[in-house]
Amino acid sequence: MAQPARPPTGYPSQNGAGQQPYSNGPVQNQLMHSSDGQGYSPSVPGLYSHQMPAKVPPHQTSGQYNYSGSQNVSQLNNYQGPGQTLNRPPVAPFSGSPVQQTGPVPQVLLPALQNSAAISSAGSFPPGASPPVLSNWQYSQTPVSQPVGSQTSHLAHMTGTGSAQPPSSLSGNTNPPGNYQYAASPGGPPLQNSYMKPGSAPPPVTQPLTPLHPPARPPLGPPPVGGPPLIRPPTLTAGPPNTQSLLNSAANRDGDATSAASDGSVVQNSYDAIEGGGLMATPHPSPAPPNVKMNRSVGYSYPTLPPGYQNTSPPGAPGMQASALQYPDGSKHFHQPALSTNHLTASMGGLSLQQEGLRPVNLLQERNILPMTLLKAPVPNLHEDIQKLNCNPELFRCTLTNIPQTQALLNKAKLPLGLLLHPFKDLSQLPVVTSSTIVRCRSCRTYINPFVSFLDQRRWKCNLCYRVNDVPEEFMYNPVTRVYGEPHKRPEVQNATIEFMAPSEYMLRPPQPPVYLFVFDVSHNAIETGYLNTVCQTLLDNLDLLPGNTRTKIGFITFDSTIHFYSLQEGLSQPQMLIVSDIEDVFIPMPENLLVNLNENKELIQDLLRTLPQMFTKSLETQSALGPALQAAFKLMSPTGGRISVFQTQLPSVGMGALKSREEPNQRATAKDIHLTPSTDFYKKLALDCSGQQVAVDLFLLSGQYSDLASLGCISRYSAGSVYYYQSYHHKHNPVQVEKLQKELKRYLTRKIGFEAVMRIRCTKGLSIHTFHGNFFVRSTDLLSLPNVNPDAGYAVQMSVEESLTDMQVVSFQSALLYTSSKGERRIRVHTMCLPVVTTLSEVYLGADVQAITGLLANMAVDRSVSATLSDARDALVNAVIDSLSAYRSSVLSIQQPGLMAPFSLRLFPLYVLALLKQKAFQTGTNARLDERIFTMCQVKNQPLVYLMLMTHPSLYRVDNLTDEGALNINDRTIPQPPILQLSVEKLSRDGAYLMDAGSVMFLWIGKNCGQSFISQVLGVPNYGSIPQNMTHLPELETAESIRTIAFISWLREQRPFFPILYIIKDDSPLKSSFLQNMIEDRTESALSYYEFLLHIQQQVNK
């Protein structure tokens, strides 16, 4: 049966508002947990009223939106968030029981799974054919500690060449065919692979194979002296991915396994078939096992199980005995000694480091705990040979770099377990592999990576589900060394971040062209702000830089109380406007020429952009029909998919989606009854329709009045778009916003973009992902639908330990992003991270990543604010600090000491949580506008961690005495590196000048007695009194002080995708209050100082 090119719009689960979690057991993250029922859950009356048996893929019925308002908010400390509360089942356990083997490994030839060829390039099976069902296999899971050989590539020898060609298939021929590419992709800042340290407990792995039988030796630790030479990794080390192309037009290898066709029949759905993909993951009906109950009542079934959960034999099923597995003659058995404690501790040279990480810090006495440089991510305690292959923490980061062995241990630590991702980050170097065969685990569909084990040259063991897989013949050839028989040295096994050019079976349809549709508010209010001049001019300047190729299409819609389309038909002397005044039943006025080829119609497009700002200058139309305009845009974009950029300046007032003001200025300062939830489901519903058609909507809100961003923002949140907010934008009254819009719009228009993308995150068996945070829609239980993916978006997930990780020294996490690049290539970007497993509470605290914990808690607190109240979210944040420090005090500290004790790794935790409480998203007692608060919450959910931390806890520098000592040299520029100061007025001197970098804004505070040389040589004015009140730019002067200061500020700005305005302020400046508001450690009218907060925490901990 043919597969649909796109999924229907009724979905079994969604991003954001949650429903009862899909669960294989109780949700176990005890840190903050609640579930609310404000989302769509397709309830089909009378269907699945009973408890669903776990792990049985049912047929899905066509979904309906069900807007239920019920909310179940459990107590504070159990907050889980209304985000996607979806319990992904752990990888299905093997049906065969583990077999201890001491003799030679029994061997059998597993059927080769070639390239998932059952899925055609169109993503469909031949008419009448059903997906092939593979026979059930039983595997023996070899415990890590047993002596059977498990040769791995973690400590892999790498070759240092930058490019080569891997072959597609080799039948005895070692000459490399030319259809492989292995090249570094340009783009983005260079990344250093400095994330490694000698430490303890490398995972249970051995050296990669050499063709000869190596002598038996401990599997961990440094290579033996006489062994194969250790070749350092090439410069193409795992770094943040190249942001342009991730998942080609198979936006579905990670999605629904089935979806309902329009006639009600069940058809094979592309998404799971593609990323989950291949034969093994093709769902097929299987009978429900008797007496299987879920621990949580779910009102409907799993849409389908994630790939790989269907094809293991049920216990007792007929199949091959695990002990009877035979492997073909010629494969060697490699002896691996059992892993002992001695092996784990032998390589731990860094005991002093461990003691430092656990050193108790009395927070009430040690006040200078803030590092003088930006805090770096902790380095996992792995052997350096493994750690140097690990994923860059800028891309993939875990809240705990030591994973607790059990959920009980995690609960005891009172810390959240989760991942923070920046998967499409711009990268300076990214290995790209073109191959006809992408090697993946046949059971769980994990991509081969540096942390798999090679049992011998022909077999590798998956590091997520432990299945033994065959090495395909063409994978035996190493394109880097041009040597046959070294699969463990291939780029896929040497790089934790890699990009694959996806073959045709990863496509459901031909890759879509880049399509950009711009929707402009042209009501009287919009024209008055003057934004249209800025936007049209910026578009004109960057038209040739839009990502794309010869197929790029572009179109324009404007609206006030009516909707205006623009025909850009070839042959017209000027663009032709078509007005649709029936906003209750929107239609497209002509079938074509509204979206046109950019290259073929460039002159008409340029004419339109030049004339648009003047066309409505005399308009007196004050109404805004945003909803109907978005409906029109959706209809126009549906056939292809693409990106809608909508610019809005006021509250929508007519047609579908019209809104009424809900802000009461007198109640801004209280945490009660503020409207954080949408007032209508129109925008969320439309966003889900857009997501189903591979359309994302980006919202630019330029407004001086309340515009109900809580409702409007849903159009971007659920379609994987972005929200930009320019408060009180006006080209004359607020000119500094004009530059900000210009700079950010240029970045937006020219940055990389991925279309029709999906992302799946996998983790080692025993771990479970249950809640997602970010802008996307959750398709099936764990597939994130991203109609557009951009390099500036971050994501977060919460996890639990569902099964004890006994006998595991390490666990792995892998994210796979399948997307279509703007050049029309289908690509897969894969990141893999490996972390050690620990058994004691002190080791859990030792590996805590305080920034990642803060970032995940911030995401959870946003959800809590929406599902419960803002005060509930604030309480939950404070309780997170109290609970974790109480647990440390009672369970880890051997000697009880007076004061507030924290492990060194969590010394900044109270400070960061206090900073969150004072951030606009969560603060009380201030006059923050409601839209401003909502926008900050949008940023928390969608910003990569590095930017989120800067907005939460700004950096303060003294800049009137900059020197070249310790400076960076970048592209012949000298960048001073002043130390970071604590955020307290105690650190300010009236003799100095201080720069505060708060992420999206910067303040340069000039002290009253600041040196005359700085004022004249940097500010370019004769004295302090001459500094203008509204100064926002530093003059470029030919003085050493000016060059240093401008170089430093420019360097800070270049490192982020948004443009921070620089405000130069004095003591009498009206903006001084904003500057002081960011002094986190000082007391404000409505918030405690840092010291008072510590006393409050101490009081609660000592109860």
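The values are calculated or read from the model by the stated rules, or taken from the named source; none is laboratory data. These numbers come from a predicted model, not from an experiment. Note: ideal-geometry Cβ built from the backbone for every residue, glycine included; neighbour counts use all protein chains shown. Accessible surface is based on the protein model in full, side chains and every heavy atom, while ligands, DNA and RNA are left aside. Shrake-Rupley method; radii C 1.70, N 1.55, O 1.52, S 1.80 Å.
Label positions at Ser891 and Ser581, each projected 7 Å from the Cα along the C-beta direction, are separated by 7.0 nm. For the range 582-603, the residues whose amide N sits under 17 Å from a probe point set 7 Å from the Cα of Lys635 along the beta carbon direction are 582-595. One decimal place: the segment Asn1030-Glu803 gains 75.8 nm when fully extended, by the rule 0.36 nm per residue minus the C-alpha distance. Once the chain from Leu543 to Ala1040 is taken as fully extended at 0.36 nm per residue, the excess over their C-alpha distance is 175.1 nm. Modelled spin labels at Lys1103 and Leu364, positioned 7 Å past Cα toward Cβ, are 1.7 nm from each other.
When Asp585, Asp426 are compared by accessible surface with a 1.4 Å probe, the order from highest to lowest is Asp585, Asp426. Within the accessible surface of the range 743-895, defined with a 1.4 Å probe on protein heavy atoms only, the carbon and sulfur portion equals 44 percent.
Model label sites at Thr550 and Gln1055, defined 7 Å from Cα along the beta-carbon direction, differ in position by 4.3 nm. For the peptides 526-536, 542-552, 743-753, 601-611, the ranking by packing is 526-536, 743-753, 601-611, 542-552, with the highest mean count of neighbouring Cβ atoms within 10 Å listed first.
Electrostatic bookkeeping for Lys635 treats Lys and Arg as +1 and Asp and Glu as -1; over the other residues with beta carbon under 12 Å from its beta carbon, the sum is -2.
The listed peptides 1029-1040, 955-966, 717-728, ordered by packing as a protection proxy, come out as 717-728, 955-966, 1029-1040 (highest mean of other Cβ atoms within 10 Å first).
Taking the 1.4 Å solvent-accessible surface of the range 419-539 as the whole, the part contributed by carbon and sulfur is 52%.
Computed extension gain for Lys1072 through Glu664, at 0.36 nm per residue and net of the alpha carbon distance, reaches 144.3 nm.
As a rough guide to protection, the peptides 414-421, 1081-1088, 782-789 ranked by mean Cβ packing within 10 Å, highest first, stand as 782-789, 414-421, 1081-1088.
Excluding ligands, DNA and RNA, the accessible surface per residue across the range 384-438 is 19 Å² with a 1.4 Å probe. Could you work out the local net charge near Gly1020, counting Lys and Arg as +1, Asp and Glu as -1, over the other residues with Cβ closer than 12 Å to its Cβ? So the environment of Gly1020 carries a net charge of -3.
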